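Note sheet for the following structure.
The values are calculated or read from the model by the stated rules, or taken from the named source; none is laboratory data. Keep in mind it's a predicted model, so treat the numbers as computed, not measured. As a convention, Cβ positions derive from the backbone with ideal geometry for all residues, glycine included, and neighbour counts pool all protein chains shown.
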Amino acid sequence: MYINTIGQGPDLVLMHGWSMQSAVWHELAEALAQNFTLHLVDLPGHGQSSWQQGDLDLPVVLAKMAALLPEQAYYIGWSLGGLISIAFAHQFPERVNKLSLIAASPRFVQDETWSCAVDTQVFEAFAANLADNQQQTLQRFLLLQARGSQQSRDTIRQLTEQLANSTPPVTAALQEGLALLINSDLRNELAMLACPLQLIIGDRDTLIPAALIAEVQQLKADVDSEIIKGAGHAPFISQPLACQQAIERFINEH
C-alpha cells in the first residue's frame, strides 16, 4: 500500500474516497503540511498502490494500515476512507488520537432504521455498470459528488483532472469498495470509539445529508460538527480553507 509522506509536525493520516487516490487532497494537503506530517494513503488498487484480490476486505486493509502507518496519529477520512477509518479507530483505539470524517457515515445505505443515507440501488447500479464502461461510471460518480455544490463546475473539473492524470483504479478494487459501502454497518463501532470524533459535511451534499449529524449524535453524543455552506460531497475541494480551519480547530482543541 503506497503512502506519500510530506510536511512537518504531528502525524496526520488522510484516507481518500471511492475511485479516487491520495492526490485528490492536493490543495488541502499543501495547507495542512505546514503544521503536520501528512501520510497520504492510496487504498489498494488505487493510485500507486498494488492490488491483489481481497485487499479491500476490512481485516486485510486494516492490517496493512497497522503495519505501515505511525504508532499514533490524527486521522481524516473522506467518504469510503472515513468508513475505513472508523473501523481502524475501533480496532486500534490506542493509535488514533482524533478522527475527522469528511462526508462520511458509519452506514452509507438506507434501511428502516437509517434514513440519512443513499438508496442501495444507487451503489448497486454503479457496481452493475462498472464492468460495461468503467470510465463512464466513474464520470457519473464525479457528477454525483459535485451536484449541489456552489462550485460544482470547479469541483467536477478538479476531480476529472485527477482521473485523467492518474492510473485508473483497478476494476476489482472498485467492486470491493462498493461492496464495503453497501454492506458495512459500523454504527456500533462508531458508538464505542474512544477518540474524539468530528463530522464535516457540506450543506448541499446529495450523498451524505447534514441531517446525519443528529443521527450520529444519537450514537455518540460528544461529536464535534462542522457544516460547510455551499459545499457538496467534496468540501475539501470546493472550500479547502473552511475544511482546513475546521480540522485544525478540532485537532488543536484540548
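Cβ-Cβ distances below 6 Å connect no pair with a first residue in the range 227-248 that is surrounded by fewer than 19 Cβ atoms within 10 Å (Cβ to Cβ) and among the polar types (S, T, N, Q), a second residue that is assigned to a strand (DSSP E or B) and modelled with pLDDT of 95 or more, and a separation of six or more residues or different chains. A single entry from L14, L56 fulfils the requirement of being crowded, with 16+ Cβ neighbours inside 10 Å and touching an Asp or Glu at 6+ places or on another chain (Cβ under 7 Å): L56. Residue count for the range 181-213 satisfying the condition of being closer than 12 Å to S105 by Cβ, assigned to a helix (DSSP H, G or I), of a type in the set (A, V, I, L, M) and touching a residue at least 24 places away in the same chain (Cβ under 8 Å): 3.
Hey, among Q91, Q110, Q72, which residue is touching a Leu at 6+ places or on another chain (Cβ under 7 Å), among the polar types (S, T, N, Q) and surrounded by fewer than 19 Cβ atoms within 10 Å (Cβ to Cβ)? Lay out the reasoning, then the answer.
Details: Q110 fails: touching a Leu at 6+ places or on another chain (Cβ under 7 Å); Q72 fails: touching a Leu at 6+ places or on another chain (Cβ under 7 Å).
Exactly one of Q91, Q110, Q72 is touching a Leu at 6+ places or on another chain (Cβ under 7 Å), among the polar types (S, T, N, Q) and surrounded by fewer than 19 Cβ atoms within 10 Å (Cβ to Cβ), namely Q91.
Can you tell me which residues in the range 192-214 are among the hydrophobic types (A, V, I, L, M, F, W, C) and surrounded by 15 or more Cβ atoms within 10 Å (Cβ to Cβ)?
Within the range 192-214, the first condition is being among the hydrophobic types (A, V, I, L, M, F, W, C), and the residues that meet it are 192-195, 197, 199-201, 207-208, 210-214.
Across the range 192-214, the qualifying residues are L193, C195, L197, L199, I200, I201, L207, I208, A210, L212, I213.
Would you confirm, using the coordinates I've provided, whether V24 is β-branched (V, I, T), buried (at least 22 other Cβ atoms within 10 Å of the Cβ) and free of Cβ contacts under 8 Å to residues at least 60 places away in the same chain? For V24, the condition - β-branched (V, I, T), buried (at least 22 other Cβ atoms within 10 Å of the Cβ) and free of Cβ contacts under 8 Å to residues at least 60 places away in the same chain - is not met.
Does the range 18-45 hold any residues that are within 13 Å of G177 (Cβ to Cβ), of a type outside the set (A, V, I, L, M, F, W, C) and at pLDDT below 95, and which are they? Walk me through how you get there before you give the answer.
Here is the first cut: in the range 18-45, the residues within 13 Å of G177 (Cβ to Cβ) are 18-21, 42-45.
Next cut, of a type outside the set (A, V, I, L, M, F, W, C) only: 19, 21, 42, 44-45.
Residues satisfying the conditions are S19, Q21.
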